[in-house]
Amino acid sequence: MESTRETVSMDEVTALAKRRGFIFQSSEIYGGIGGFYDYGPLGAILKRNVKNAWWRDTVELRDDVVGFDSSIIMHPLTWKASGHIDQFHDRMIDCKVCKHRFRADHLKSLEQCPDCGSKNSFTEPRNFNLMMKTFVGPMEDTASEAFLRPETAQGIFVNFKNIYQTARKRPPFGIAQIGKSFRNEITPGNFTFRVREFEQAELEYFVPDDGNDLEVFKDWVERRKQWYANYGVKPDKLRFYELTPEERPHYAKAGIDVEYLFPWGWGELESIAHRGTYDLDAHMQLSGKDLQFFDEGSKKKYTPILVESSAGMDRTTLTFLIDAYEKERSTDPNGKETERVVLHFHPHIAPVQVAVFSLARNKPELVQQARAIEEKLRPNYRTQYDEGNIGQLYRRQDEIGTPFCLTVDYDTLQDRAVTVRDRDSMRQDRIAIDALAGFLREKIG
Ligand code: GAP
């Protein structure tokens, strides 16, 4: 059988995401709300798997990283110290004719509106703070004003002392957190790539000032490269862009943007940054509290240097979805053309790992056997039971990226074996029911 693979368009990805229950527009029945999305039954599992994969590698497999979970709303002075109140702006610009709003840095020219074509119709650019505001308590005045966090990292910095003292850690060590962040983006877009509510997975790694900080930075870059490779992200679609000194903040000695080649071009998935002592210094200065580390051995106090890796979980989930998507056209030996859409998810990322089918709906012996197999596998794998037309069942499981489908047929009742179909090769093997656990352990883990 010959087959060809085509590159995917965003329309195809969004259509599949909706059709199969991965991602829906938020509050769709009211017309949606720009920059917000909901994860459907399969999307919720997919995103959870992506977060678990990050957490496993960053926290559980290391003895030098601890987990953390801070509140979304923090004391407003946090954002003064971090610079978000004074500097977390985008320049926005409006077209006076069509009233559309743009980010000034996203426009190719300031002469002609890209939406309505009017010439010289733009307002002067003005600053727009991206933090979402709310009020804490019953009074809606400036004293009760607060912000939804635009990044999770600050919760870690302000707790630095609480954490290292209670976890009994000394630099080099890291603190990791996954949680929601909010940014009032001027122009959300490209599906879940630029949204106003999203999840970040952030690692803040604190190192002593002993001259090894750049080595630690490089180690984390390598670790993150390995992570994307482990989950099969196509290497030619991933790049690690090194920021120039002009592109980096003044206090940073190094910075790398991890970028993926989306259907619309390269887009940032993660930023890895050497941040010096900037963040802890800023909080010490404004709070007047000591966040330095006291080294019992040398009896010296110092401010640790920070290496940060900050990845967007919605963008990573979208990347895994796009990267896995393949439309295969094949010609069988009889010259017949077939087409299938398949998601080649890594088995640890796939929302369903094993689907178990009964060949017929109305044969209780087959249904019972298939259900029994599915139930037995359920504690160890993400499974799904289904029944009916095998071609349609395979098509559905291919579209949601299920690596293995097991079918109970009439022969099963005699030979105590099932047909195991591999998603990627479409190869079918007959495997004894008693040997299934060993087979799946070898293939999935
Ligand atoms: N603490 C560092 C920090 O927040 P950032 O580069 O602003 O750095 C890190 O954000 C990651 O968060 C980005 O690489 C991206 O994956 C994700 N992110 C940022 N803004 C986003 C948005 N509007 N929608 C979805 N993800 C976003």
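Summary table below
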item: Given charges at Cβ of Lys, Arg, Asp, Glu: the chain dipole, positive-most of I373, Y164, T187; result: I373
item: Relative contact order for segment 12-132, counting Cα pairs under 8 Å that sit 6 or more residues apart, in percent; result: 16
item: Area accessible to solvent at M131, 1.4 Å probe radius, in Å²; result: 10
item: Alpha carbon centroid spacing (whole Å) that separates segment 250-292 from segment 307-342; result: 31
item: Rel. contact order, % - alpha carbon contacts under 8 angstrom, at least six apart, the chain; result: 14
item: Peptide ranges 150-156, 303-309 listed from the most packed, as the mean C-beta count within 10 angstrom indicates; result: 303-309, 150-156
item: For segment 399-428 versus segment 190-242, the gap between their alpha-carbon centres in whole angstrom; result: 38
item: Restraint check, K169/K299; K133/K225; K18/K376, Cα-Cα greater than 25 Å; result: K133/K225; K18/K376
item: Using alpha-carbon coordinates, inclination of helix 10-19 to the longest axis of the chain, degrees; result: 60
item: Unmatched cysteines, the chain - criterion: no other Cβ of a Cys under 4.7 angstrom; result: C405
item: Per-residue HN-Hα couplings for segment 95-112 [Karplus 6.51, -1.76, 1.60; θ = phi - 60°; Hz; x = Gly/Pro]; result: 8, 6, 8, 8, 6, 6, 10, 9, 7, 4, 6, 8, 8, 6, 9, 9, 8, 10
item: Net charge, L366 excluded, C-beta distance under 12 Å - Lys, Arg +1, Asp, Glu -1; result: -1
item: Counting all C-alpha pairs of the chain, share separated by more than 32 Å (%); result: 50
item: Net charge dipole size for segment 323-408 [Lys, Arg +1 and Asp, Glu -1 on Cβ; Debye, nearest 20]; result: 240
item: Rounded, prolate or oblate (a/c below 1.5 giving rounded, otherwise prolate when a/b exceeds b/c) for segment 1-132 by Cα gyration tensor; result: oblate
item: Among Y410, L343, G297 - extreme Cα towards positive end, dipole of segment 294-445, charges at beta-carbon; result: G297
item: Listed residues Y381, Y410 arranged by accessible area, highest first, probe 1.4 Å; result: Y410, Y381
item: Highest-MSF residue in the chain out of L130, L343, L286 [GNM, Cα springs under 10 Å]; result: L286
item: Residue (of I85, H106, P138) at the positive-pole extreme of segment 55-172, dipole from beta-carbon charges; result: H106
item: Total charge dipole magnitude, the chain, about the Cα centre, Cβ charges on Lys, Arg, Asp, Glu only, Debye to nearest 20; result: 540
item: Global form of segment 306-425, assessed from the alpha-carbon gyration tensor, a/c cut-off 1.5; result: oblate
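The values are calculated or read from the model by the stated rules, or taken from the named source; none is laboratory data. Here the structure is a predicted model, which means the values were calculated and not measured. Virtual Cβ from ideal backbone geometry, glycine too; neighbours counted across all protein chains shown. Heads up: the accessible areas ignore ligands, DNA and RNA and are worked out on the full protein's heavy atoms, side chains in. Shrake-Rupley method; radii C 1.70, N 1.55, O 1.52, S 1.80 Å.
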